[in-house]
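Engineer: Before we start, here is the structure in question, set down as structure tokens.
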Amino acid sequence: MSTENPFENSRMQLAKCAAILKLDDGVHEMLRHPMREMHVSLPIRMDDGSIRVFEGFRVQYNDARGPTKGGIRFHPDETIDTVRALAAWMTWKCAVVDIPLGGGKGGVICNPKEMSDGELERLSRKYIQSISQIVGPEKDIPAPDVYTNPKMMAWMMDEFSKISGMNKAGVITGKPLSIGGSLGRGDATARGGLYTIREAAKELGIDLKGAKVAIQGYGNAGYFAAKIATEEYGSTVVAISDSKGGIMNMDGIDPEVAFQHKVDTGSVVGLSNTDPISNEDLLELDVDILIPAALEHVITENNADKIKAKIVAELANGPTTPKADVILHERGVHVIPDFLCNAGGVTVSYFEMVQNFYMYYWSEERVHSRLDRKMTDAYHAVLEASKKYDIDMRTAAYVVAIDRVVVAMSDRGWI
């Protein structure tokens with residue numbers, strides 16, 4: 001994986017777009033900086049009786065279009081620059097799908113795989129206590145992200161409700177259904193991505209029925225992407241991977257069987273009737289659709305010229321570096337950029353907020369239908385900008401998103 005600074009990469013992408021939009025230098029400078037960030041120390045009593053202090057962050061990047069929104073990551077390699085970059089991308093993501101929210105992100109440096117449920121609960125509650133002054137349904141609404149889940153969101157919602165002295169379901173999204181979660185949230189990121197893949201396939205004349213798909217990363221997004229692509233679009237998933245390695249079968253891999261194997265063994269590696277493949281080699285397979293669904297910076301200037309997929313659909317955040325972007329565009333690879341492709345999660349999180357506010361909950365079919373409309377409209381807005389300015393899809397997504405944020409900043413009198 002590349003060691004490039006993700007926040008500097010996000011700024012490079014912003015600068016490229018600012019030039020196209022001819023943004024005023026002062027406006028560009030405003031957009032380069034988070035409006036607010038909080039660093040917190042989190043002392044936690046561990047199961048062995050010792051006290052360990054964890055470091056946490058919450059970044060609120062821009063709230064011109066509405067309260068900030070973004071996930072919480074519990075990861076041993078978390079950094080403030082990663083959180084800043086992700087908060088910026090959340091700002092553009094909410095704008096590109098045209099939902100009335102700004103962008104935020106949170107993180108705690110820890111390894112959840114080495115912690116008990118009790119330790120994770122104490123850490124989750126301490127984190128929300130520590131940032132409680134700057135979050136809330138009308139301020140900043142967190143959600144699950146890497147190594148966090150609905151159970152942890154429930155703990156955080158409960159803790160914030162205790163602090164507030166009343167039920168505050170809307171402070172967190174991605175909650176269990178029993179306490180205000182939304183149907184359709186579990187597969188929202190993958191489903192939203194598949195809607196954009198469907199539209200891209202139409203644009204490129206690719207028949208999704210039988211199309212070959214490789215997926216790097218077999219967590220929530222990767223698993224559901226494989227499942228939906230196979231069951232609803234008739235595609236053939238030929239390779240998948242996780243942090244321990246990958247597997248390949250050009251005749252197809254059953255997503256459910258692979259998922260159960262991972263549950264049973266901790267990895268997809270070793271599934272019967274498959275051949276081993278590295279995460280790096282998976283990216284270079286001759287497939288129709290490549291879905292990076294793991295972590296940042298896996299497609300770089302060192303391997304971009306070896307990517308054979310016609311569509312790269314970025315379900316992960318920041319999987320492609322700026323230099324790799326240039327190479328892919330020159331080679332005619334159609335990239336569906338991360339903050340468009342994976343915006344299904346925040347879109348259904350927004351739907352969850354709406355349902356929390358008026359305490360009436362939708363059917364799963366209604367969630368899917370509204371998500372389809374949002375993602376389809378967003379894809380075509382980006383595609384239209386790409387053609388209008390003769391630019392790659394990522395830059396076009398920035399053009400659409402940043403223009404919407406700047407209009408909001410102007411209408412509010414900030415600029």
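Engineer: Under the condition of being of a type outside the set (D, E, K, R), within 14 Å of the chain's Cα centre (by Cα) and not in a helix (DSSP H, G or I), which residue from segment 79-106 is surrounded by the fewest Cβ atoms within 10 Å (Cβ to Cβ)?
Structural biologist: V97
Per-residue answers, yes or no, for (1) surrounded by fewer than 20 Cβ atoms within 10 Å (Cβ to Cβ); (2) modelled with pLDDT of 95 or more; (3) in contact with a Phe, Trp or Tyr (Cβ under 7 Å, 6 or more places away or on another chain):
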{"position": "S116", "(1), (2), (3)": "yes, yes, no"}
{"position": "M153", "(1), (2), (3)": "no, yes, no"}
{"position": "S164", "(1), (2), (3)": "yes, yes, no"}
{"position": "V171", "(1), (2), (3)": "no, yes, yes"}
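Engineer: Could you please give the count of residues in segment 128-187 that are more than 16 Å from F357 (Cα to Cα), of a type in the set (S, T, N, Q) and not in a loop (DSSP other than H, G, I, E, B)?
Structural biologist: 3
Engineer: When you check F339 against the structure, is it out of contact with any Gly (no Cβ under 7 Å at 6 or more places or on another chain), part of a helix (DSSP H, G or I) and closer than 30 Å to G181 by Cα, yes or no?
Structural biologist: Details: out of contact with any Gly (no Cβ under 7 Å at 6 or more places or on another chain): yes; part of a helix (DSSP H, G or I): yes; closer than 30 Å to G181 by Cα: yes.
It is true that F339 is out of contact with any Gly (no Cβ under 7 Å at 6 or more places or on another chain), part of a helix (DSSP H, G or I) and closer than 30 Å to G181 by Cα.
Engineer: Any residue that is surrounded by fewer than 20 Cβ atoms within 10 Å (Cβ to Cβ), without any contact (Cβ under 8 Å) to a residue 12 or more places away in the chain and farther than 27 Å from S243 by Cα - is there at least one of those in segment 32-43?
Structural biologist: yes
Engineer: Which residues, taken from segment 245-276, are touching a strand residue (DSSP E or B) at 6+ places or on another chain (Cβ under 9 Å), outside any loop (DSSP other than H, G, I, E, B) and surrounded by fewer than 17 Cβ atoms within 10 Å (Cβ to Cβ)?
Structural biologist: G245, D275, P276, listed by residue number.
Engineer: Can you give me the number of residues within segment 300-327 that are touching a strand residue (DSSP E or B) at 6+ places or on another chain (Cβ under 9 Å), over 14 Å from V146 (Cβ atoms), in a loop (DSSP other than H, G, I, E, B) and open to solvent by 10 Å² or more (accessible area, probe 1.4 Å)?
Structural biologist: Residues flagged as touching a strand residue (DSSP E or B) at 6+ places or on another chain (Cβ under 9 Å), over 14 Å from V146 (Cβ atoms), in a loop (DSSP other than H, G, I, E, B) and open to solvent by 10 Å² or more (accessible area, probe 1.4 Å) within segment 300-327 amount to 3.
Engineer: I'd like the full set of residues that are farther than 23 Å from R198 by Cβ and open to solvent by 20 Å² or more (accessible area, probe 1.4 Å), limited to segment 278-299.
Structural biologist: Across segment 278-299, the qualifying residues are S278, N279, E280, D281, E284, L295, E296, V298.
Engineer: Okay, moving on. Kindly provide the set of residues from segment 47-73 that are in contact (Cβ under 8 Å) with a residue 12 or more places away in the chain, under 20 Å from I109 (Cβ atoms) and open to solvent by 20 Å² or more (accessible area, probe 1.4 Å), ordered by number.
Structural biologist: Passing the criteria: D47, V53, E55.
Engineer: Could you say whether any residue in segment 29-40 is modelled with pLDDT under 95, within 27 Å of V171 (Cβ to Cβ) and not acidic (D, E)?
Structural biologist: So far as segment 29-40 goes, no, none of its residues is modelled with pLDDT under 95, within 27 Å of V171 (Cβ to Cβ) and not acidic (D, E).
To keep it simple, each residue is scored yes or no on (1) in contact (Cβ under 8 Å) with a residue 40 or more places away in the chain; (2) open to solvent by 80 Å² or more (accessible area, probe 1.4 Å); (3) assigned to a helix (DSSP H, G or I); (4) of a type in the set (S, T, Y).
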{"site": "Y361", "(1), (2), (3), (4)": "yes, yes, no, yes"}
{"site": "V382", "(1), (2), (3), (4)": "yes, no, yes, no"}
{"site": "S386", "(1), (2), (3), (4)": "no, no, yes, yes"}
{"site": "V399", "(1), (2), (3), (4)": "yes, no, yes, no"}
{"site": "V406", "(1), (2), (3), (4)": "yes, no, yes, no"}
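Engineer: Moving to a separate point now. Identify all residues within segment 301-330 that are within 25 Å of G192 (Cα to Cα) and polar (S, T, N, Q); write none if there are none.
Structural biologist: Within segment 301-330, N317, T320, T321 qualify.
Engineer: Scan segment 348-400 for residues that are within 25 Å of S161 (Cβ to Cβ) and of a type outside the set (G, A, S) and report the count.
Structural biologist: 15
The values are calculated or read from the model by the stated rules, or taken from the named source; none is laboratory data. All figures in this text were calculated on a predicted structure; none of them were measured in a lab. Counting neighbours? That spans all protein chains shown, and the Cβs are built from the backbone with ideal geometry, glycine included. With ligands, DNA and RNA removed, areas are computed over all heavy atoms of the protein, side chains included. Shrake-Rupley method; radii C 1.70, N 1.55, O 1.52, S 1.80 Å.
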